[in-house]
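Below you'll find the structure, written out as structure tokens, and then a few comments.
The numbers here are math on the coordinates, done by the rules we state, and not lab data. Note that the structure is a prediction, hence the values are computed from the model and not measured. As a convention, Cβ positions derive from the backbone with ideal geometry for all residues, glycine included, and neighbour counts pool all protein chains shown.
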């Protein structure tokens, strides 16, 4: 029965993930004791791909929730639906994962309101339960259930941060942009461009990342480099591809655009 319920959430093909340290072994150890895990790092650095890879490696279904400020506790745990024959309870993604033994991944969890995220607390300590108050049911987490959250510490503020009572329930892994050679390897693999082109794209990104806090709110992500490389692989000129995928999305400031365009021109 559980297999049928979670069939659509199974990761059936191995996602490409290039380990950069001991994060795979650490996550496996955490899963063996069902420790809730928190992935911290800038946008587009591989956090979501890592969770997908680990779900595949551990042979567990993966239920992903993209958190946002309008998300309510009912969006996570479930609600009654009104039908012609009456009302029917529908589990939310968190209840579905807890009931049937999936990994539940809350992406960018700080985007959700703090009064929403506290519903995960009973699942992230020794109780491992989820109260469905509207239904009057206490869901005891399946032995295979694990909860994983991610967020970008660079966007922290007094209004958007996790409570200490939430943070201290999790183990944490820090993610960042890989070192030059590894990032170039990832870009080349994901896009099909040559190692030389991938190397140049990473060099452009490294220059831009030095401008974070000096005109840019965020550096160029590995994801953006893959977008640029994918365009180049389709025959788009490198200058045009970098303009579309790297420079234009990250800033509207004319001077900053000129500076980034000049950086691109030095490599292509």
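Which members of the range 210-241 meet the condition of being touching a strand residue (DSSP E or B) at 6+ places or on another chain (Cβ under 8 Å) and surrounded by fewer than 22 Cβ atoms within 10 Å (Cβ to Cβ)? Give the steps one after another, and end with the answer.
Of all residues in the range 210-241, those touching a strand residue (DSSP E or B) at 6+ places or on another chain (Cβ under 8 Å) come to 218-219.
Correct list: 218 only.
State the number of residues belonging to the range 185-225 that are assigned to a helix (DSSP H, G or I) and closer than 16 Å to residue 243 by Cβ.
Final tally of qualifying residues: 9.
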Given (1) in contact with a strand residue (DSSP E or B) (Cβ under 9 Å, 6 or more places away or on another chain); (2) surrounded by 20 or more Cβ atoms within 10 Å (Cβ to Cβ); (3) under 30 Å from residue 185 (Cβ atoms), identify the lone condition not met by residue 53.
(1)
Would the range 36-57 turn up any residue that is more than 17 Å from the chain's Cα centre (by Cα) and not in a helix (DSSP H, G or I)?
no
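Answer yes or no as to whether residue 218 is within 27 Å of residue 256 (Cα to Cα) and either touching a residue at least 12 places away in the same chain (Cβ under 8 Å) or out of contact with any helix residue (DSSP H, G or I) (no Cβ under 9 Å at 6 or more places or on another chain) (or both). Before you say what the answer is, go through the steps one by one.
Details: within 27 Å of residue 256 (Cα to Cα): yes; either touching a residue at least 12 places away in the same chain (Cβ under 8 Å) or out of contact with any helix residue (DSSP H, G or I) (no Cβ under 9 Å at 6 or more places or on another chain) (or both): yes.
For residue 218, the condition - within 27 Å of residue 256 (Cα to Cα) and either touching a residue at least 12 places away in the same chain (Cβ under 8 Å) or out of contact with any helix residue (DSSP H, G or I) (no Cβ under 9 Å at 6 or more places or on another chain) (or both) - is met.
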Those residues of the range 170-209 which are buried (at least 16 other Cβ atoms within 10 Å of the Cβ), touching a strand residue (DSSP E or B) at 6+ places or on another chain (Cβ under 7 Å) and more than 17 Å from residue 17 (Cα to Cα), in sequence order:
170, 208
Exactly one of these conditions fails for residue 130: (1) buried (at least 18 other Cβ atoms within 10 Å of the Cβ); (2) in contact (Cβ under 8 Å) with a residue 24 or more places away in the chain; (3) closer than 26 Å to residue 24 by Cβ. Give me its number.
(3)
Among the residues in the range 157-169, are any exposed (fewer than 15 other Cβ atoms within 10 Å of the Cβ), without any contact (Cβ under 8 Å) to a residue 12 or more places away in the chain and outside any loop (DSSP other than H, G, I, E, B)?
yes
